[in-house]
Amino acid sequence: MTQAEPIVFNPLDPGFRVDPYPVYRRLLAEDPVHETPFGRVFSRYEDCVAVLKDHRHWSSDIRNAAQPGFEPPMGDFLDVAGRPFLFLDPPDHTRLRRLVSKAFTPRVVETLRPRIQQIVDELLDAVAEKGSFEVIEDLAYPVPVVVISEMLGVPPGDHETFRGWSRELAQALDPNPFIDAETVRRRLAAIESFDEYFRRLIAERKKEPRDDLLSALIAAEEEGDRLTEPELLSTARLILIAGHETTVNLIGNGTLALLRHPDQLRLLRDDPSLAKSAVEEVLRYDPPVQYTGRIAVEEVEVAGAQFKPGQSVVTLIGAANRDPAQFEDPERFDITRDDDRHLAFGFGIHYCLGAPLARVEGQIALSALVRRFDGLELLVDRPEYGKNIVLRGLAALPVGFSGAAAAAN
Ligand code: HEM
């Protein structure tokens, strides 16, 4: 009998990036608390939830890390520039999240539906005559960027200015052991550029407040000790980047999954009421955020393993979403599944603030895409993935079509 190959969990491996799911299957079945140089990796749904819901034992603040390679390379700078609340614990996390959460409730987001539909229709009108287009550049990227910029109050013409900075900082989510001094320098420069940009915009809004999120945050800052200037800047940066770099991958990964499962594409085309469950299934099946991490702040046990303060762990969302103990036939892409218990948006106090917005954007974009184009097909067999480790998304997705219909209204 041949001995099984050891499991290699290496997010830097190009093959892994194309398809990490065979490794996840083995982790789930054979080694659900997997030892790696950057901490233990949890793949089971139950264990990931146990960590994410327990913010008393598990911190999101990297300053609590005590492992070699996990020293925050931008630590001091971030303390001056402001830490986004994604990387903070209560009470600061609670206070900062509360200030922006009103703008992202499902009820508020529903009011944005007509505008999101209009943005999607215009983008698809622009390619309808062409016979082919590139889904990421022509649809998936601009939709969330325009929407989040309008919510925040960033002039629409400025997207190109901060596209590069946003890319740079999205990569800062990847584990520190993989970065070098030059990367750190570029990231710090991107933060400075963002802050310079926002300082100018904030000065304008202070003179002339508008009905946008930035003006609301400025009002909170001006009220006194609810929000400092670095907090205002880091919150604006967080929302702009989160709005840029994640939903693009929901639309991109969703388009690819539908094209690779033509029966599911037909189902959605024939029954638009499936848009909601289709988006939940894309989020489960190929999540845009593949994992997140936490750091123990007290002694704690998970799945029989002991952790000491300072130890980091990874919760593998992409694996947990295919845990057979939670999802029947988890490898099957089935848009009628109607199960939103996936961990694509995390769990617990850091549960994605933008989830209602991302869902609506995904529903509108994927529905319009399958409804408007006949004979939609992939123009490459193996589309290329972007460089990020934590964020899973395609660099480009060229598609062809045989006919295009006009927008619905
Ligand atoms: C499909 C798209 C998206 C996915 C898959 C996604 C995923 C996630 C995940 C997994 C977390 C939790 C991270 C953790 O616990 O460590 C998170 C947090 C967050 N997301 Fe999203 N996100 C998406 C879209 C958005 C959008 C459009 C916004 C726009 C505002 C946004 C804003 C945030 C913020 C502010 C947090 C931090 C919440 C906190 O720390 O309390 N996300 N997201």
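The values are calculated or read from the model by the stated rules, or taken from the named source; none is laboratory data. This is a predicted model, so every value here is computed, not measured. Counting neighbours? That spans all protein chains shown, and the Cβs are built from the backbone with ideal geometry, glycine included.
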When you go through (1) buried (at least 19 other Cβ atoms within 10 Å of the Cβ); (2) at pLDDT below 90; (3) under 30 Å from ALA140 (Cα atoms); (4) not hydroxyl-bearing (Ser, Thr, Tyr) one by one for LEU86, which number turns out not to apply?
(2)
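Would the stretch 276-294 turn up any residue that is more than 24 Å from the chain's Cα centre (by Cα), more than 30 Å from VAL41 (Cβ to Cβ) and touching a residue at least 24 places away in the same chain (Cβ under 8 Å)? Break it down into steps so the answer makes sense when it comes.
Keep residues of the stretch 276-294 that are more than 24 Å from the chain's Cα centre (by Cα), which gives none.
No, the conditions are met nowhere in the stretch 276-294.
Can you say whether ARG200 is more than 30 Å from ARG115 (Cα to Cα), more than 21 Å from the chain's Cα centre (by Cα), without any contact (Cβ under 8 Å) to a residue 60 or more places away in the chain and more than 14 Å from the ligand (Cβ to nearest atom), as far as the supplied structure shows? Lay out the reasoning, then the answer.
Working: more than 30 Å from ARG115 (Cα to Cα): no; more than 21 Å from the chain's Cα centre (by Cα): yes; without any contact (Cβ under 8 Å) to a residue 60 or more places away in the chain: yes; more than 14 Å from the ligand (Cβ to nearest atom): yes.
When the stated conditions are applied, ARG200 does not pass them.
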Take the conditions surrounded by 14 or more Cβ atoms within 10 Å (Cβ to Cβ), within 16 Å of the ligand (Cβ to nearest atom) and assigned to a loop (DSSP other than H, G, I, E, B) and apply them to LEU357. Does it pass?
no
Pairs where the first residue, in the stretch 337-351, is within 7 Å of the ligand (Cβ to nearest atom) and assigned to a loop (DSSP other than H, G, I, E, B) and the second is acidic (Asp, Glu) and at pLDDT 95 or above, C-beta under 9 Å, 6+ apart
ALA344/GLU280
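Check LEU250, LEU258, LEU265 and return the single one that is near the ligand (Cβ under 9 Å from one of its atoms), under 23 Å from ASP138 (Cβ atoms) and surrounded by 18 or more Cβ atoms within 10 Å (Cβ to Cβ). Steps first, answer last, please.
On the way: LEU258 fails: near the ligand (Cβ under 9 Å from one of its atoms); LEU265 fails: near the ligand (Cβ under 9 Å from one of its atoms).
Exactly one of LEU250, LEU258, LEU265 is near the ligand (Cβ under 9 Å from one of its atoms), under 23 Å from ASP138 (Cβ atoms) and surrounded by 18 or more Cβ atoms within 10 Å (Cβ to Cβ), namely LEU250.
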The stretch 316-331, residues that are free of Cβ contacts under 8 Å to residues at least 60 places away in the same chain and under 12 Å from TYR21 (Cα atoms)
PRO330
Only one of VAL143, VAL100, VAL127 is within 12 Å of the ligand (Cβ to nearest atom), at pLDDT 90 or above and either crowded, with 20+ Cβ neighbours inside 10 Å or more than 28 Å from LEU12 (Cα to Cα) (or both); which?
VAL143
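For the stretch 366-379, check the following and say yes or no: at least one residue is within 14 Å of the ligand (Cβ to nearest atom) and not hydrophobic (A, V, I, L, M, F, W, C). Give the derivation first.
Of the residues in the stretch 366-379, the ones within 14 Å of the ligand (Cβ to nearest atom) are 366.
Adding the requirement that they be not hydrophobic (A, V, I, L, M, F, W, C) leaves none.
So far as the stretch 366-379 goes, no, none of its residues is within 14 Å of the ligand (Cβ to nearest atom) and not hydrophobic (A, V, I, L, M, F, W, C).
Take the conditions within 30 Å of SER60 (Cα to Cα) and touching a Gly at 6+ places or on another chain (Cβ under 8 Å) and apply them to GLY362. Does it pass? Break it down into steps so the answer makes sense when it comes.
Working: within 30 Å of SER60 (Cα to Cα): yes; touching a Gly at 6+ places or on another chain (Cβ under 8 Å): yes.
Here the answer is yes, as GLY362 does meet what is asked.
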Can you confirm whether VAL146 is of a type in the set (A, V, I, L, M, F, W, C) and in contact (Cβ under 8 Å) with a residue 40 or more places away in the chain?
no
Checked the stretch 368-405 for anything touching a residue at least 24 places away in the same chain (Cβ under 8 Å) and of a type in the set (Gly, Ala, Ser); matches are ALA368, GLY375, GLY393, ALA395, ALA396, GLY400, SER402, GLY403, ALA404, ALA405
Filtered residues of the stretch 272-321 (kept if among the charged types (D, E, K, R), surrounded by fewer than 24 Cβ atoms within 10 Å (Cβ to Cβ) and farther than 17 Å from ALA365 by Cβ):
GLU298, GLU299, GLU301, LYS308
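Please note which helices (runs of 4 or more DSSP H) are completely contained in the stretch 187-276 and include at least 1 residues that are more than 20 Å from PRO287 (Cβ to Cβ), at pLDDT 90 or above and not acidic (Asp, Glu). Show your work before the answer.
Details: elements: 213-222, 229-245, 247-260, 262-270.
Qualifying helices (runs of 4 or more DSSP H): 213-222, 229-245, 262-270.
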